[in-house]
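**Student:** Below is a structure I'd like to ask you about.
What follows draws every value from the coordinates through simple rules; no lab data is involved. Just so we're clear, the structure is a prediction, and the values are computed from it rather than from any experiment. Because the Cβ atoms are built from the backbone with ideal geometry, glycine has one as well, and the counts that use them run over all protein chains shown.
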Amino acid sequence: MDGAMQTIWHKAYERALKTITSLRNHCDFKYEKDTPNAKEVKILNAVRPTIKKYVPGTKIDKEYISATDMTLKMDQFYYFNIALDDVKKAQSVPGAMEATAKEGAIALSEEGDKYVAEIVKTGVTNEDIKAIDSITPSKANAIEHIEDGFAALYSNNCKVSENYWLEVDPSYYKYIRPSITELLTNNVEMAKKGIVGKYGNANITIENLLPHDETDVFNILRTEHAIAFAEQINKVEAYRPQDAFEDALKGLYVFGGLLTRKEEIVVLKTKKAGLTP
């Protein structure tokens, strides 16, 4: 009789926990409008002219300038393609494909966050992004470490009134939490954006996809102008394959990112040994 017994799937499909990450959301998306039907976008950089003292009645010098540019390439391509046989679908609780589609979309979006982390790590390696000396975080030095980061940005003429993002490892967060000026429990809108609080004028988010090397985690303090990011294609489609009796889903994610203002980002290194929960 065992062969005639029906197997019932649990109605609540097990869902993979969404990774706590929002790195790409804190980037500059203003170039995204230029990406449709384009493989890359040229970003022109203005050159500050040399200021000279004028002496009345004397000849003035002319300065010839040339504009510089950077290229935001839409060269990151990721996809998934899954299917569910009609027989299995008939014998399962409805919702399997929908649940899998949602997980697939989440997984695709995380590739964008990983790419932003890669941009930051490359910037530090190439010394384009300033990195504050690594510390083993504690209640005594965690806030001072952040203040060193702010000092570095202010020295680069970043405005005090600018909107900043402080993206930290979960265990670094526990040391700065007592100094947070506004907790997420006091502001529902902040919580919806993943903001766990504020320190000074920096929105704090907990990130599990931060860049790192063998010894350090790279916590990030930046403005939203530091890194440009654009999503060109982000879709999930259902279809019926011609060579099978099944429902199928495929998802495609095309995007690109670029470090555009290196003076508006700084990395706060913390020892991995000090970040063990």
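**Student:** What value in Å³ per residue do you get for the convex hull of the alpha-carbon atoms in the chain? Working shown, then result.
**Tutor:** Working: hull volume 58.7 nm³, N = 277.
Per-residue hull volume (Cα only) is 212 Å³.
**Student:** Given the options Ile180, Ala99, Thr71, identify the residue whose Cα lies farthest towards the positive end of the charge dipole of the stretch 51-180 (+1 on Cβ of Lys, Arg; -1 on Cβ of Asp, Glu).
**Tutor:** Ranked along the dipole, the leading option is Ile180.
**Student:** So which lysines pass the test for Lys193, namely a Cα distance under 20 Å, with those fewer than 8 places away in the same chain ruled out?
**Tutor:** Qualifying lysines at Cα under 20 Å: Lys18, Lys30, Lys102, Lys114, Lys174.
**Student:** Now a separate question. Order these by the 10 Å Cβ neighbour count, fewest first: Tyr175, Tyr54.
**Tutor:** Details: Tyr175 20, Tyr54 8.
The order, fewest Cβ neighbours first, is Tyr54, Tyr175.
**Student:** Grab the other residues whose beta carbon is less than 14 angstrom from that of Thr50, score K and R as +1, D and E as -1, and report the net.
**Tutor:** +2
**Student:** Count the net charge of all other residues whose Cβ sits under 15 Å from the Cβ of Asp128, scoring Lys and Arg as +1 and Asp and Glu as -1.
**Tutor:** Net local charge, Asp128 excluded: +1.
**Student:** So for the chain, taking the charge dipole from beta-carbon charges (+1 Lys/Arg, -1 Asp/Glu), which of Pro56, Phe80, Ile204 sits furthest toward the positive end?
**Tutor:** Pro56
**Student:** Could you please state, rounded to a whole Å, how far the C-alpha centre of the stretch 223-277 is from the C-alpha centre of the stretch 107-129?
**Tutor:** 10 Å
**Student:** When we measure straight from the Cα of Lys53, which lysines land under 16 angstrom away, once same-chain ones fewer than 8 places off are left out?
**Tutor:** Within reach: Lys62.
**Student:** Turning to a different aspect of this structure: Please report Leu210, Leu268, Leu249 as a ranked list, fewest other C-beta atoms within 10 angstrom at the top and most at the bottom.
**Tutor:** Lowest to highest Cβ neighbour count: Leu249, Leu210, Leu268.
**Student:** Return Thr58, Thr181, Thr21 ranked ascending by Cβ neighbour count within 10 Å, so the fewest neighbours appear first.
**Tutor:** The most exposed by this proxy come first: Thr58, Thr181, Thr21.
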